[in-house]
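Read the structure below first, then the notes.
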Amino acid sequence: MNGKIEINRLNKVFKRADTAENFCAIEDLSLEIESGEFVSIVGTSGCGKSTLLRIIAGLETPTHGEVLCGGNTVSGTSPSRGMVFQEHTLFPWMSVRKNIVFALKSAGRFKMFGGDVDTLLETAGLTDFANSFPHQLSGGMRQRAALIRSLAVSPDVLLLDEPLGALDSFTRMVLQDEIIRLWKERGNTMLLITHDVDEAVYLSNRIIVMSPRPGRIAEIVSVPMSYPRNRGASEFAQLRTRLLKRLNFASDTQMDYYL
């Protein structure tokens, strides 16, 4: 796989419908993400996180600058870049298995990866629910199905737009471990947007902190902890504290509560 992402002097300006003024969502952003790396992006609402992810996915075009994946300029969507949204986006009239098969056929990769469907279902603990429809599954199962549907086409890059945001905390932690396991097995480049600082520390090799509009990189934080990570470790708490302070979510006094 060649999932290296290169972002060069990226700018994105949107035209507003209500006024004659435009607004800049992302300004002069440059970043490199190595192939196989797990990177999270955190920042307050409106800092351009989702816009950046959509540009990498090919769903939006930059106003200036460029994005390259695997050395190729991003222009439109591609099976080499999968995306998982906060809502599962499964087809409700198809079973779990048929959702996965449809994704493979749409990407023209059924002949290459069709034999992986049963393995993926087993890996995600969904073998007994392969013929179930989305409405018959729990929220966690639906997100798990959406995740393996994206992984089925074996993308070089998997873009995760808060895929666990709507789940309860216990299900969320289970799926975080599932994501790590699948990432290690597949070797994809993973780029995650999250509002959950703990989630970013638990999953990532590096964390990109973005400043409010216009979106810029405020800081890049390396996470030197090995996997699996201990949420109760002092090193984990120190990184969480650093990120919360950087995001202005907590003062020194408030941090006594978190620690």
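Only helices enter this figure: runs of n ≥ 4 DSSP H residues, each worth -39500 (n - 2.57), summed and divided by the residues of the chain, yield -10000 deg cm²/dmol at 222 nm to the nearest 500. Which residues in region 82-116 have a backbone N closer than 20 Å to a point placed 7 Å from the Cα of Asp168 along the Cα-to-Cβ line? Residues 87-88 qualify, since their backbone N sits under 20 Å from the label point. Annotation: Tyr202 carries an accessible surface of approximately 20 Å², with a 1.4 Å probe and no ligand, DNA or RNA atoms counted.
Close Lys pairs in the chain (alpha-carbon distance under 28 Å; sequence gap of 8 or more, or different chains): 14. The accessible surface of region 10-91, taken with every protein chain in place and a 1.4 Å probe, is 47 percent carbon and sulfur. Solvent-accessible surface of the chain, taken per residue with a 1.4 Å probe and all protein chains present: 48 Å².
Here region 24-66 is scanned for amide nitrogen atoms under 11 Å from the site 7 Å beyond the Cα of Asn8 along Cα-to-Cβ, giving 65-66. Spatially, region 37-111 and region 149-187 are offset by 13 Å when compared through their Cα centroids. Taking the Cα centre of the chain as origin and assigning +1 to Lys and Arg Cβ atoms and -1 to Asp and Glu Cβ atoms, the resulting dipole is close to 440 debye.
Computed from the alpha carbon atoms alone, the convex hull of region 20-168 holds 150 Å³ per residue.
At 1.4 Å probe size, with no ligands or nucleic acids counted, give the accessible surface of Thr127 in Å², nearest ten. Here the accessible area works out near 80 Å².
Be a star and scan region 21-46 for residues whose amide nitrogen sits under 13 Å from the point 7 Å along the Cα-to-Cβ vector of Lys15. Within reach of a label on Lys15, which here means backbone N under 13 Å from a point 7 Å along Cα→Cβ, region 21-46 contributes 21-23.
The values are calculated or read from the model by the stated rules, or taken from the named source; none is laboratory data. Please read all numbers here as calculations on a predicted model, not as lab measurements. Heads up, the Cβs are rebuilt from the backbone with ideal geometry, glycines too, and the neighbour counts pull from every protein chain shown. These accessible areas exclude ligands, DNA and RNA; they are computed on the full protein's heavy atoms, side chains included. Shrake-Rupley method; radii C 1.70, N 1.55, O 1.52, S 1.80 Å.
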